[in-house]
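Beneath this line is the structure, given in structure tokens, with notes to follow.
The values are calculated or read from the model by the stated rules, or taken from the named source; none is laboratory data. A quick note: this is a predicted structure, and the numbers were derived from the prediction, not measured. Backbone-built Cβ (ideal geometry, glycine too); neighbour counts: all protein chains shown.
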Amino acid sequence: MSPAETLGAVVISTGVVLSLIAAWGLLSFPTALARMHAAGKPASLGLVLTGFGAGLAAESVPLTVLGAVLAFFMFLTAPISAHMLGRAAYQAGQAPNLHHDDLAGVTLPADVAPRPGERSISGWHLIPLVIIWVVLWRDAGIGVWVGGLLAGLLVELIRRTGRPNGTFRPGAMLVFLVRYSGMIVASNARVAWEVITPGSQIREAIVAVPLRSDSLRVALLVANAITHTPGTLTVELTEDPLVVYVHLLHFKSVESARSDVARLEDLVCHALNEPVPV
């Protein structure tokens, strides 16, 4: 076997093991919200590693790039799906025996409404969409580029309700992405250990964390990032004021949970060039 094939086999094997651990967590964790930690963490990384490892083992650059695209979309969408399923599970009464519950009695909104603004198209979003389209088609013909441009314009027109205030800082964004990647690895390791360790102590709670920033895009990124930090899962985000409700597998104290989110919020504010709350 070549070095690339060996590395690919190792990556695929790691992905398969994580997927098996996630499946066992879905069966062994005591509540629906606890099971969402297994579904949203080891399962996501397991799928990504399997796809990425397949590209390495095949020594195929296009297939490896496709695995990277899969990773991008997986870590972009997995927190959102986990949030919605966790929210539905809580509303259905599938969160018994919580040691602390700040969400009890709170009237949940239908959704966080977009704030008004002029419709615009951002090249920072359009160009990556076109490139991803071409990579997925695995063809660089002119027709594919035109199709990607049209698809990107359509996505932007549907998605955009206005350019958000502020820009972003490339250096600070890189710092955030590096730390976020570390959070993903740590959260997967934590949940995997929780699954395979006999007699693990799960102490569930839902803590309300008021955000200090008034930026909706900061709140959305914080809420999504929380789901990939160790032992935490966003189950609700409310507006006016912005409050994120965090489900914890290992509840210690309200102050500890809020302190962890505050540090994450500071990183996001720096990355998005928003005023850092005090």
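Kindly evaluate ALA22 against the criterion of being at pLDDT 85 or above, in a helix (DSSP H, G or I), in the same structural domain as LEU248 (by TED's automatic domain parsing) and over 21 Å from the mean Cα position of the chain (by Cα). Even if it seems obvious, please write down each step before you answer.
On the way: at pLDDT 85 or above: yes; in a helix (DSSP H, G or I): yes; in the same structural domain as LEU248 (by TED's automatic domain parsing): yes; over 21 Å from the mean Cα position of the chain (by Cα): no.
No; evaluated as a whole, the condition is false for this residue.
Out of all the residues in the stretch 115-135, is one or more modelled with pLDDT of 70 or more and over 30 Å from LEU267 (Cβ atoms)? Before the answer, list the steps.
Within the stretch 115-135, the subset modelled with pLDDT of 70 or more is 126-135.
With the extra rule that they be over 30 Å from LEU267 (Cβ atoms), the set shrinks to 133-134.
Checked against the condition, which is being modelled with pLDDT of 70 or more and over 30 Å from LEU267 (Cβ atoms), the stretch 115-135 yields at least one hit.
For every residue, the table says whether it meets (1) in the same structural domain as PRO79 (by TED's automatic domain parsing); (2) surrounded by 15 or more Cβ atoms within 10 Å (Cβ to Cβ).
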position	(1), (2)
ALA225	yes, yes
LEU233	yes, yes
ASP240	yes, no
VAL246	yes, yes
LEU249	yes, yes
SER253	yes, no
ALA257	yes, yes
LEU264	yes, yes
VAL276	no, no
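Which of the residues belonging to the stretch 178-216 are in a loop (DSSP other than H, G, I, E, B) and of a type in the set (Lys, Arg)? Step through it out loud before you land on a result.
To start, the set of residues in the stretch 178-216 that are in a loop (DSSP other than H, G, I, E, B) comprises 197-202, 204, 211-215.
The one that is in a loop (DSSP other than H, G, I, E, B) and of a type in the set (Lys, Arg): ARG212.
Per-residue answers, yes or no, for (1) among the aromatic types (Phe, Trp, Tyr); (2) in contact (Cβ under 8 Å) with a residue 40 or more places away in the chain:
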| position | (1), (2) |
| --- | --- |
| SER19 | no, no |
| TRP24 | yes, yes |
| PHE29 | yes, yes |
| LEU33 | no, yes |
| MET36 | no, yes |
| ALA39 | no, yes |
| ALA43 | no, no |
| GLY51 | no, no |
| GLY67 | no, no |
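Contact list please: Cβ distance under 8 Å, first residue in the stretch 226-242 and under 14 Å from VAL268 (Cβ atoms), second residue part of a loop (DSSP other than H, G, I, E, B) and polar (S, T, N, Q), pairs at least six apart or on different chains.
So the pair list comes out as THR234/THR227; LEU242/SER213.
Scan the stretch 82-92 for residues that are small (Gly, Ala, Ser) and loosely packed, with under 15 Cβ neighbours inside 10 Å and jot them down. Don't jump to the end; show me each part of the working.
We begin by selecting, within the stretch 82-92, every residue small (Gly, Ala, Ser); these are 82, 86, 88-89, 92.
Hits for the stretch 82-92 are ALA88, ALA92.
Kindly indicate which of LEU272, LEU264 is out of contact with any Leu (no Cβ under 8 Å at 6 or more places or on another chain) and in contact (Cβ under 8 Å) with a residue 12 or more places away in the chain. If you could, list the steps in order and put the result at the bottom.
Numbers: LEU272 fails: out of contact with any Leu (no Cβ under 8 Å at 6 or more places or on another chain).
Exactly one of LEU272, LEU264 is out of contact with any Leu (no Cβ under 8 Å at 6 or more places or on another chain) and in contact (Cβ under 8 Å) with a residue 12 or more places away in the chain, namely LEU264.
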